[in-house]
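Trainee: I have a structure here, written as structure tokens, and I will follow up with some questions on it.
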């Protein structure tokens, strides 16, 4: 065989060998199974959970193929978060997704090293999850819904429906470690609109019913329901009790208006959960959570439930209806 032919043959062999090595490495990379934990107060199969995993699938992560998921649910019992967070930490997840501030705080306390993506966190800095929104530091980043900034807007919406608005009830869950952040945002906003705000606490169905009994005696002109997993998951009951007391109620999340609330205004939760998948993807590709900024809402939902408005005898201004992203009839 001529020297040139031998050289060409050797080059082909080297190229083939390198290609084989690269192909093997690629195959191993493709076969890697990423392990994530999912900790939430909600129920399995919720629309928000589905939105997150739809986002993961869109990025190429398929549960049962290259993605293994350990899901933990508390059924709105905040006291279960620490134990379940510790459980996920012991399983040595690649990433833990924590839904709500209490869940994220529980994971943060259980581990200072496992990357954690928090979703539905109102104020990451005030709650101690991050040193700043732009550069969280530590092992926690995620999606902030900044619902504490909504106080003026929610009061404005109530006043647009009841111009004589003077007294507002604020329903909060004292069992939520973050409830004071939300509750404290309302007095300054109330001053702007010349209304008085009275707080009512509820962390169980019995306490919800008692809160509305107290409201019936106090006769407020409107109700604002704080952002909280327990209140969110019982929004249909809250809407029913508000209607029974002829009390116009505004909420922060779309689903709460779909469940019978008069109106909702706040960040699109479905969008935030889908986008959270992108943060998980970045971490799985090697990014450090402490260097990834907490992302904030870019889409907001204004939902008006005309069926509830009619039942309350409230005529919703056309100027409000044209601004709504969704109208329930």
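A short reminder: the numbers here are calculations on the coordinates, not readings from a lab. On a predicted model such as this, the values are computed, not experimentally measured, just so you know. Every residue, glycine among them, receives a Cβ derived from its backbone with ideal geometry; neighbour counts consider all protein chains shown.
Trainee: What does the helix-only formula give at 222 nm for the chain: each DSSP H stretch with n ≥ 4 adding -39500 (n - 2.57), the total divided by the residues, and the result rounded to the nearest 500 deg cm²/dmol?
Mentor: Mean residue ellipticity, 222 nm, calculated: -13000 deg cm²/dmol.
Trainee: To continue, here is another question. For region 107-242, take the alpha-carbon Rg, divide it by the Kirkwood Rh, and send me Rg/Rh.
Mentor: Using Cα coordinates only, the ratio equals 1.03.
Trainee: How would region 228-329 be classified by its alpha-carbon gyration tensor: rounded, prolate or oblate, with rounded meaning a/c under 1.5 and the a/b versus b/c comparison settling the rest?
Mentor: Verdict is prolate for region 228-329.
Trainee: What full-extension length gain, to one decimal in nm, is calculated for residue 318 and residue 87 as 0.36 nm per residue of separation minus the Cα-Cα distance?
Mentor: Residue separation times 0.36 nm, minus the Cα-Cα distance, leaves 78.0 nm.
Trainee: Report, in degrees rounded to the nearest 10, the 0 to 90 angle that the Cα long axis of helix 151-161 makes with the longest principal axis of the chain.
Mentor: Approximately 50 degrees, to the nearest ten.
Trainee: Follow-up. Rounded if a/c is under 1.5, else prolate if a/b is larger than b/c, else oblate: which is region 93-174, with a ≥ b ≥ c the root eigenvalues of its Cα gyration tensor?
Mentor: prolate
Trainee: Mind giving me the FRET efficiency for residue 295 and residue 196? R0 is 35 Å, r the Cβ-Cβ distance, nearest 0.05 is fine.
Mentor: 0.50
Trainee: Which whole-number percent is the relative contact order of region 95-168 (Cα, under 8 Å, 6+ apart)?
Mentor: Computed over region 95-168, the figure is 26 percent.
Trainee: Run the numbers for residue 311 and residue 126: contour at 0.36 nm per residue of separation, minus the present Cα-Cα distance, in nm.
Mentor: Contour length minus the Cα-Cα distance gives 62.6 nm.
Trainee: Another question about this same structure. With a/c under 1.5 counting as rounded, go ahead and sort region 169-266 into rounded, prolate or oblate using the C-alpha gyration tensor (a ≥ b ≥ c being the square roots of the eigenvalues; past the cut-off, prolate if a/b is larger than b/c, else oblate).
Mentor: Taking the square roots of the gyration eigenvalues as a ≥ b ≥ c, region 169-266 is rounded.
Trainee: Then there is this: Mind ranking 43-52, 128-137 by how tightly packed they are, going by the mean number of other C-beta atoms within 10 angstrom, highest first?
Mentor: By packing density, highest mean first, the sequence is 128-137, 43-52.
Trainee: Taking all pairs of different Cα atoms in the chain, averaging 1/r and flipping that mean, what Kirkwood radius in angstroms comes out?
Mentor: 21.7 Å
Trainee: How would you order 216-222, 237-243 from highest to lowest mean count of nearby Cβ atoms within 10 Å?
Mentor: Per-residue mean Cβ counts within 10 Å order the peptides as 237-243, 216-222.
Trainee: Moving on. Along the Cα-to-C-beta direction of residue 162, a point sits 7 Å from the Cα; which residues of region 292-329 have their amide N less than 13 Å from that point?
Mentor: 312-315
Trainee: To continue, here is another question. Under 8 Å for C-alpha pairs, at least 6 residues apart: give me the relative contact order for the chain, rounded to a whole percent.
Mentor: 18 percent
Trainee: Still on this structure: Helix 3-31 versus the longest principal axis of the chain: what is the Cα-based angle in degrees, 0 to 90, to the nearest 10?
Mentor: 30 degrees
Trainee: Going highest first, how would you order 193-199, 33-39, 223-229, 72-78 by mean Cβ packing within 10 Å?
Mentor: The peptides rank, most packed first, as 223-229, 33-39, 72-78, 193-199.
Trainee: Let me ask something else about it. Just to confirm the number: angle between the C-alpha axis of helix 47-58 and the first principal axis of the chain, 0 to 90 degrees, nearest 10?
Mentor: The helix 47-58 is inclined about 20 degrees to the chain.
Trainee: Taking Cα centroids, how far is region 163-194 from region 132-158 in Å?
Mentor: When both Cα centres are located, 16 Å separates them.
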